[in-house]
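Written below as structure tokens is the structure these notes are about.
The values are calculated or read from the model by the stated rules, or taken from the named source; none is laboratory data. Quick caveat: nothing in here was measured; it's all calculated off a predicted structure. Virtual Cβ from ideal backbone geometry, glycine too; neighbours counted across all protein chains shown. With ligands, DNA and RNA removed, areas are computed over all heavy atoms of the protein, side chains included. Shrake-Rupley method; radii C 1.70, N 1.55, O 1.52, S 1.80 Å.
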Amino acid sequence: RTLQANRVRTMSHAFRMLWLSLACTLAPCLARLENGCQTGQALLQISAQKPRDAIHVAYATTVNNSTGPGDVGFMSSILSMSRALSPLASVIHIIVPSEDRQAADDFVHCLRGQFDSSELLPDIQVHEEIPLPFYVGLNEHTTYLTNNTLTYARWYLPQYLPEVSRVLYIDTDTIVQGSLSDLFEQELEVAMLLKPCGVVCRDESLDVHYPASAGSIPEAVRNETVMNAGVMLANLDLWRKQNVTAQLVDMAESFLAENTTMDDQLILNIVAQQSKSFGFLDEAYNQEGPGYADTCDFQFTNATHIIHWAGPNKFWTSIGVEPRGSCFVDNYLPTKQCHLSTGSLLKEDLPMLFTHVSSTQSGYNFGKLADDAFCVASAGWTCPYTDASTFEIDEVPKILQKLQAVQSRSLEEVARAKQLGEVRTAEVAERRYQAAIEDSIRFSQGSLRLWNPSLAALPRSWKRSSDEHWLAAFRFQTQQFLNGSVNYVPVTDPVTAPSWFSSHIVLAVLNDEMKPVRPVRLIGPYDISNSTFDCQLPEEDYSRYGPEDVRIVRADSEDISIVWSGRKQHHLANVHCDDSKGGQQMYMSRVTSDLRLEHAHDLVGDMGLDAVKKVSLPFFHQPSKCDENLLFLSSANPHVIANVSWVQGLPTVMEKWNTSSQLLSAWMGKHNLEEAHVSVGPVRYQQDGQDVYLSILHGKQPYCDYPGNPSSVPAYLLEYKSVLYTFQASPPFEILSISDKWLPLLPKRSQEGMRVAFPTALMAPSTTAAEELWVLYGQGDCQSQRLILNATELPSYLP
């Protein structure tokens, strides 16, 4: 009967009444159940019990993401509490400042979404803070609580919860890892249960622990042991009867009259000791320690039910940092993203899109590996999709609608090609159909792999909140056989080679921690053209679809454009590309403040190259203070730069400079490179008093002591290597110098087996607002990385 009652408390009243009605109506069919309708009547009596029979828990905190535990810290604490209370009926009360009410309501909505359908959802109620009848000023003992009024909320629990008899008040810096049923079932004949102060003040008396207030502490209790009120089980019926709140306020006013620093926990200790209406809380329900430790290296027994970070160090500052389960929090982290009224996502729940790697921390040894067999055997790679709960994609229904149209058109083309006996055309159209299906799965789940990053400071007029700092552009790609986290076997096995690749551009607004703070914007080929199929090279055994290798560039005027490479699109499948351009075209578009494309078009004019390079790198050049020209760096050898302007709404090549460099040829010979390519749009830099452009060159070298030139080395034994170089800051933009020290980028194996660390953006110290140079790069065609070179490290990598 007890178990039945606990289950029933979790049902809604309407459902209980419906159950009773059905049970009694169908009583003849339930005759084999003993006391069938009598059981229903018992359920009716239980449903009429007062709400105070549920378990009540109270928190007090800000919900503004600037103070307190933050979204993820607080949510983790509540999730741990909720799961500890399940399956008991429970009510969680959150006390917040009145100005945080909207943010708190959004927070609760987000919190409810964290529960699976199989979990019991607690009743969550928000209460606005009751104004205090006195001024809270300097707290000389606990300085971080100066002017903090919320910590006094525990004094007013009877007013916040007038119909509740018993409540557990608990600080937000707690994680519950064990059952609390024994705690709530024990008899409570005092107004409150408190635990003697832990490792910080064990056995200390009130006057010793609070020396600044010692003179105002009543002599009768001055030598009593300090009690910690961060976890407090309160008997509110007795609290009201003894008028404990009034006693607390009277004691506070006596402190203020003597101009003595006041601490809410000290006042609570004094009143509890004077009234003798408190008991001792078992230490298992308030286990202190981590709050004054530098690491999470603690060994708590299974008997520890509540871990309390009393002290300056909090668990939410260690999420994703500490190796031991993020300070015991990993099992309770929120997993589903959502927006809050602060304008941000659950930031700590999102991975950094760029991993910080400095040259002194990379740990990568660019020397040859001694064990060639091991080196070659490591040709597998892992390229996981980001967890599906991580990203919110803007306008997903519209995207899925577009992809559905692509699928329909692809099937039409398959049927047409088969009817005409065009086997290859039918195969290309079938691949486009498969790619659209896989893209739909990824986008509906929100699972994205973002790589080849590009970055620009977000224009001030575009910002929706103070969190927004950067606009980033990424490449996202689905592939055949890559249905999530996949370890590829060595690519010498032809079975593993995908037969199609589908690419998209992803635009994301990031905060200063490089985490997205808006839904990300997806841009596919259907946003650029009304046609469905990319042209194909007849000699290729695979098919490519969609925009590739996006770069972002911002003008001083706050205009932002993106540039990408891609293939011309057609209404029919398997149309051959223009061989003279290697299948590639350069495209350009302005970007609006809501991250949409405006005037997307292929580049008009000739770059002066035999073939269009896969990537042309945009940058703004200021020949004078009043002028600003958009230039493209297109090739290293020859060194080609073109001036591009918008003419009648089309990006058009107006002028170009083409220079050769003996310096580059000599450098390539020195490092056994058959090819060298430009990698990133340059940045203006002062070197030895000279104004120059700084950029990056990359080439491919064999590793594992494999002999021969790169052209004779299998792709899975090649590795990308990159260096800084400089060129003139005015026409004809000739190369000036090239470094001989490789940048310490961390490569990862790509689909072809090659070790790839592909630089995609360079951010000058003036842009990063620090004495740092940032190199953004794609790692293994699957992840985004950021190399940070500080002022001390940078000179050794300069040419």
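Every condition in (1) open to solvent by 20 Å² or more (accessible area, probe 1.4 Å); (2) within 19 Å of TYR777 (Cβ to Cβ); (3) of a type in the set (D, E, K, R) holds for GLU719 except the one numbered (1). The residue list ALA379, ALA373 contains one member that is within 30 Å of GLU539 (Cβ to Cβ) and either at pLDDT below 75 or aromatic (Phe, Trp, Tyr) (or both), which is ALA379. Mind listing just one residue for me: the one in the stretch 776-799 that is surrounded by fewer than 19 Cβ atoms within 10 Å (Cβ to Cβ) and of a type in the set (S, T, N, Q) and, of those, nearest to MET514 (Cα to Cα)? Ranking the candidates gives ASN790 first. Within the stretch 754-775, take every residue that is crowded, with 23+ Cβ neighbours inside 10 Å and either in contact with a Ser or Thr (Cβ under 6 Å, 6 or more places away or on another chain) or of a type in the set (Gly, Ala, Ser) (or both) and give me the one that is modelled with the lowest pLDDT. Result: VAL756. For the stretch 782-799, what are the residues that are under 17 Å from HIS698 (Cβ atoms) and in contact with an Asp or Glu (Cβ under 9 Å, 6 or more places away or on another chain)? Within the stretch 782-799, LEU789, PRO799 meet the criteria. Cβ separations smaller than 8 Å between residues 6+ apart or across chains give the following pairs from the stretch 95-124 residues that are open to solvent by 40 Å² or more (accessible area, probe 1.4 Å) and assigned to a helix (DSSP H, G or I) to residues that are modelled with pLDDT of 90 or more and not aromatic (Phe, Trp, Tyr): SER98/GLU128; SER98/GLU129; ARG101/VAL126; ARG101/GLU128; ASP105/VAL126; ARG112/ILE124.
Within the stretch 173-189, the residues that satisfy the criterion of being in contact with a helix residue (DSSP H, G or I) (Cβ under 7 Å, 6 or more places away or on another chain), in a loop (DSSP other than H, G, I, E, B) and either of a type in the set (A, V, I, L, M, F, W, C) or open to solvent by 20 Å² or more (accessible area, probe 1.4 Å) (or both) are GLN177, SER179, LEU180.
Taken over the stretch 77-94, the criterion of being among the hydrophobic types (A, V, I, L, M, F, W, C) and surrounded by fewer than 19 Cβ atoms within 10 Å (Cβ to Cβ) is satisfied by LEU88 alone. Say we look at the stretch 251-272 and pick out the residues that are open to solvent by 10 Å² or more (accessible area, probe 1.4 Å) and closer than 26 Å to GLU189 by Cα; which of these is modelled with the highest pLDDT? Here the answer is MET251.
Taking the criterion of being under 37 Å from the mean Cα position of the chain (by Cα), among the small types (Gly, Ala, Ser) and in a loop (DSSP other than H, G, I, E, B), would at least one residue in the stretch 150-159 satisfy it? Before you say what the answer is, go through the steps one by one.
Here is the first cut: in the stretch 150-159, the ones under 37 Å from the mean Cα position of the chain (by Cα) are 150-154, 157.
Filter once more, keeping what is among the small types (Gly, Ala, Ser): 153.
Narrowing the set further to residues that are in a loop (DSSP other than H, G, I, E, B) leaves none.
No, every residue in the stretch 150-159 fails to be under 37 Å from the mean Cα position of the chain (by Cα), among the small types (Gly, Ala, Ser) and in a loop (DSSP other than H, G, I, E, B).
Here HIS209 meets each of (1) closer than 22 Å to GLU288 by Cβ; (2) at pLDDT 90 or above with one exception, condition (2). When VAL208 is tested against (1) more than 40 Å from the chain's Cα centre (by Cα); (2) within 18 Å of ILE306 (Cβ to Cβ), only condition (2) is not met. Please tell me if TYR144 is of a type in the set (Phe, Trp, Tyr) and modelled with pLDDT of 95 or more. Answer is no for this residue. Every condition in (1) touching an Asp or Glu at 6+ places or on another chain (Cβ under 9 Å); (2) at pLDDT below 65 is met by VAL321 except one, and the failing one is (1). The set of residues in the stretch 495-540 being among the basic types (Lys, Arg) and either open to solvent by less than 10 Å² (accessible area, probe 1.4 Å) or in a loop (DSSP other than H, G, I, E, B) (or both) consists of LYS515, ARG518. Among residues belonging to the stretch 561-587 that are more than 15 Å from PHE474 (Cα to Cα) and touching a residue at least 60 places away in the same chain (Cβ under 8 Å), point out the one that is surrounded by the most Cβ atoms within 10 Å (Cβ to Cβ). So the residue we want is ALA573.
State yes or no: is SER661 in contact with a Pro (Cβ under 9 Å, 6 or more places away or on another chain), of a type outside the set (Val, Ile, Thr), at pLDDT 90 or above and farther than 22 Å from ALA473 by Cα?
Working: in contact with a Pro (Cβ under 9 Å, 6 or more places away or on another chain): yes; of a type outside the set (Val, Ile, Thr): yes; at pLDDT 90 or above: yes; farther than 22 Å from ALA473 by Cα: yes.
It is true that SER661 is in contact with a Pro (Cβ under 9 Å, 6 or more places away or on another chain), of a type outside the set (Val, Ile, Thr), at pLDDT 90 or above and farther than 22 Å from ALA473 by Cα.
If you go through the stretch 197-221, how many residues are assigned to a loop (DSSP other than H, G, I, E, B) and either among the acidic types (Asp, Glu) or open to solvent by less than 70 Å² (accessible area, probe 1.4 Å) (or both)? I'd like the intermediate steps shown before the answer.
Quick first cut of the stretch 197-221, residues assigned to a loop (DSSP other than H, G, I, E, B) only: 197-204, 210, 217-218.
Checking which are either among the acidic types (Asp, Glu) or open to solvent by less than 70 Å² (accessible area, probe 1.4 Å) (or both) leaves us with 197-198, 200-201, 203-204, 210, 217-218.
Selection size over the stretch 197-221: 9.
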